[in-house]
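What follows is calculated from the coordinates using simple rules that are stated; it is not laboratory data. Not measured: the values here are computed from a predicted model. Positions of Cβ are backbone-derived with ideal geometry, glycine not excepted, and every protein chain shown enters the neighbour counts.
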Amino acid sequence: MKVGGKGRPTPTRREAEAAAKARAKTPRTRKEMQAAQRAARSQSSQTVRQAMKTGDEKNYPARDRGPERRFIRDYVDARFSLIELVIPLLLVTMILGYSGNDGLRNIGNTVLMVTVLLVIVDMVLLRFRIRREMARRFPESSTKGQTYYAITRAMQMKFMRLPKAQVKIGQRLPDSYK
């Protein structure tokens with residue numbers, strides 16, 4: 001195979017004409033048209049879902065594309081977030097609440113309120129840190145919507161985030177995201 005080639009053989013005239021006819025063939029009825037649109041939507045969403053799992057950024061939805069969004073995802077994924085502890089603490093709180101003991105129920109409620117307050121403080125700190133890092137790394141870009149993207153990503157548990165995390169907790173981030 002020659003360098004710079006297209007990586008596949010040139011189609012024969014018969015194959016090219018058959019492909020052109022297939023592309024030009026329009027659905028005749030409304031039902032066929034809806035079926036074709038449904039199939040196209042299904043294929044498109046399947047491609048996006050696969051890209052979100054594998055990290056293929058060219059097939060991401062528009063809201064997740066670009067170096068700024070990649071940096072935000074990596075920044076959020078590289079830090080430990082208190083939201084990771086919420087589910088276990090909710091289970092403990094629920095057990096304490098149903099224990100029947102008023103003292104344990106009060107302890108459970110206190111743990112729940114303290115956890116909620118700590119998560120709110122963590123999100124506020126994340127907002128300030130992400131804005132500072134965005135201004136340092138991407139001085140020419142707008143920060144509009146960036147902190148919302150970071151906070152909504154941080155509010156999800158790590159294993160549920162899409163696009164999937166590409167960095168580990170505590171991993172050093174690259175200096176450039178161009």
Efficiency of FRET between Tyr148 and Leu90 - r from beta-carbon atoms, R0 25 angstrom, step 0.05 = 0.55
For region 21-98, alpha-carbon Rg relative to the globular expectation (2.2 N^0.38 Å, N residues) = 1.89
If you take the beta carbon distance between Thr26 and Gln50 as r and set R0 to 35 Å, what does 1/(1 + (r/R0)^6) give as a FRET efficiency, to the nearest 0.05?
-> 0.75
Rough spin-label spacing in nm, given labels placed 7 Å along Cα→Cβ, for Arg38 and Glu17 = 3.5
May I ask you to list the trypsin sites (Lys or Arg not before Pro) in region 1-43 that are in a DSSP loop and have at most 14 other Cβ atoms within 10 Å of their Cβ?
-> Lys2, Lys6, Lys25, Arg28
Förster radius 30 Å - calculated FRET efficiency between Glu140 and Ala78 (Cβ-Cβ, nearest 0.05) = 0.80
In a Debye calculation with equal point scatterers on the alpha-carbon sites of region 77-178 and no solvent, what is log10 I(q)/I(0) at q = 0.21, 0.24 Å⁻¹?
-> -1.13, -1.31
What's the center-to-center distance, using Cα atoms, between region 55-71 and region 133-178 in Å?
-> 11
With 10 Å bins from zero, work out the P(r) of region 5-52 over every alpha carbon pair and list the percent per bin.
-> 22, 27, 37, 13, 0
So for the pair Met155, Val121, with labels modelled 7 Å out along Cα→Cβ, what separation do we get in nm?
-> 2.0
Go from 0 up to the bin containing the longest alpha carbon distance in region 1-147, width 10 Å each, and give me the % of pairs per bin.
-> 9, 18, 20, 19, 16, 11, 5, 2, 0
Kyte-Doolittle mean at least -1.0 and Cα axial length at least 24 Å: DSSP H helices in the chain | 102-137
Calculate I(q)/I(0) for region 103-148 by the Debye formula, one identical point scatterer on each C-alpha and no solvent, and give its log10 at q = 0.24, 0.27 Å⁻¹ to two decimals.
-> -0.81, -0.90
Reachable aspartates and glutamates from Lys178, Cα under 17 Å, same-chain residues fewer than 8 places away excluded?
-> Asp56, Glu57, Asp64, Glu68, Asp74, Glu133, Glu140
